[in-house]
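The values are calculated or read from the model by the stated rules, or taken from the named source; none is laboratory data. Computed from a predicted model, the values in this text were never measured in an experiment. As a convention, Cβ positions derive from the backbone with ideal geometry for all residues, glycine included, and neighbour counts pool all protein chains shown.
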Amino acid sequence: MNTRRTFIAKIAAIAAAPAFLCSKSFAQAPPVKLEESDPTATALGYKEDASKVDGSRYPQYKAGQKCEGCVLYQGKAGEANGPCGAFGGKLVLSGGWCAVFAAKPKAP
């Protein structure tokens, strides 16, 4: 026998189901590694190894610049890779480089 209480409980469960299902389906996926062949990486001259940057093509590159020293790099110090704001949070190698490199300010 269905009571008013059972009916209200079922309605509440049905109303909450879409929110629960959407939160699961839109859960943050783990970041993926950026490949040099990615169109955005190619456009920004991303190299996984900064020492392989073509200085004639990217004259703003200076030896010693690496992703780990860029303000857009969100990885922790000492990690091999980390998310980058220039590439939508994709993982870049800490020793990499791209044309939007902006040096982190030096600590006082």
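When region 92-105 is filtered for residues that are within 16 Å of Ala50 (Cα to Cα) and part of a loop (DSSP other than H, G, I, E, B), the ones remaining, listed by number, are Ser94, Gly95, Gly96, Cys98, Ala99, Val100, Phe101, Ala102.
The single condition from (1) surrounded by fewer than 11 Cβ atoms within 10 Å (Cβ to Cβ); (2) at pLDDT 95 or above that Phe101 fails is (1). Within region 83-99, can you find the residues that are touching a Cys at 6+ places or on another chain (Cβ under 8 Å) and over 14 Å from Asp38 (Cβ atoms)? Answer for region 83-99, where residues must be touching a Cys at 6+ places or on another chain (Cβ under 8 Å) and over 14 Å from Asp38 (Cβ atoms): Ser94, Gly95, Trp97. In the set (1) in a loop (DSSP other than H, G, I, E, B); (2) within 10 Å of the chain's Cα centre (by Cα); (3) modelled with pLDDT of 95 or more, Gly89 fails one condition alone, (3).
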